[in-house]
Amino acid sequence: MWVDPDDDPRETSDPRGSDGEPLDERGILLDYLRAYRLTLEMKCAGLDAEQMARRSVPPSTMSLLGLVRHLTDGERHFRRVMAGEDAPKLYRTDEDRDGDFNGAVADQAVVDEAWRQWRTEVERTDRYLAGVTDLGTHNAGHSDLGPEPGGQHQLRDVLVAQIAEYARHCGHADLLRERIDGRVGQ
């Protein structure tokens with residue numbers, strides 16, 4: 001086990017709101033997003049630059065550092081689509097569609113910058129979410145989600161997609177971490 005269940009930071013929030021009532025849809029979605037973000041941090045805790053950049057198995061370029069960089073761009077995508085902000089991709093380019101993973105090299109400065117940028121993007125996403133209470137709010141920016149790129153999406157749909165992206169990659173992080181040092185998730 002990573003941590004004692006009584007000390008797990010993902011389990012510290014009460015599943016009820018401040019009024020004692022169960023969380024509403026918005027509260028549940030935000031709680032899941034928070035928990036998956038914490039899971040990503042826990043899976044990477046205590047690793048050095050080489051371990052963070054270590055690839056899974058050839059020919060895959062997947063690494064924990066690559067996942068952090070990939071999910072950073074996911075946070076930017078959320079802001080680009082929902083808030084309509086100018087938030088171009090940080091790592092992926094037309095020339096290098098896997099730049100988030102290819103650029104994940106065993107250099108402490110690269111690791112530190114990836115975490116700094118991830119935290120900045122999480123904060124910006126959270127700031128946007130704090131200002132919008134209606135889950136039916138439609139995207140203000142161009143979306144490449146769904147069958148019709150540029151189509152309309154509600155905030156709830158984009159939140160669920162963001163949660164699914166974290167969940168999928170936290171599963172990858174479980175396997176990557178186990179390969180590095182044998183630790184398994186809970």
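What follows is calculated from the coordinates using simple rules that are stated; it is not laboratory data. Just so you know, these numbers come straight off a predicted model, no measurement behind them. Here the Cβ positions follow ideal geometry from the backbone for every residue, glycine too, while neighbour counts run over all protein chains shown.
Determine the distance separating the Cα centre of region 21-83 from the Cα centre of region 151-186; give it in Å without decimals. Region 21-83 and region 151-186 have Cα centres spaced 6 Å from each other.
Here each label is just a point 7 Å from Cα along the line to Cβ, and for Gln152 and Asp107 those points are 4.6 nm apart.
Simple rule: put +1 on each Lys or Arg Cβ and -1 on each Asp or Glu Cβ in region 86-141, find the dipole, and look at Trp118, Ala87, Ala140; the Cα lying farthest toward the positive end is Ala140.
At 0.36 nm per residue, minus the direct Cα-Cα distance, what do Leu175 and Leu23 gain on full extension? Give it in nm, one decimal, please.
Numbers: separation 152, 0.36 × 152 = 54.72 nm, distance 3.17 nm.
Answer, rounded to one decimal: 51.6 nm.
Region 63-186 gives an Rg/Rh value of 0.99, both radii derived from C-alpha positions and Rh following Kirkwood.
Mind checking the dipole of region 74-186: about its Cα centre, +1 per Lys or Arg Cβ, -1 per Asp or Glu Cβ, Debye to the nearest 20? Working shown, then result.
Values: 15 positive and 22 negative charges, 60 e Å.
Dipole about the Cα centre, nearest 20: 280 debye.
Applying the criteria of a DSSP loop state and at most 15 other Cβ atoms within 10 Å to the GluC sites (Glu not before Pro) of region 25-92 yields Glu85.
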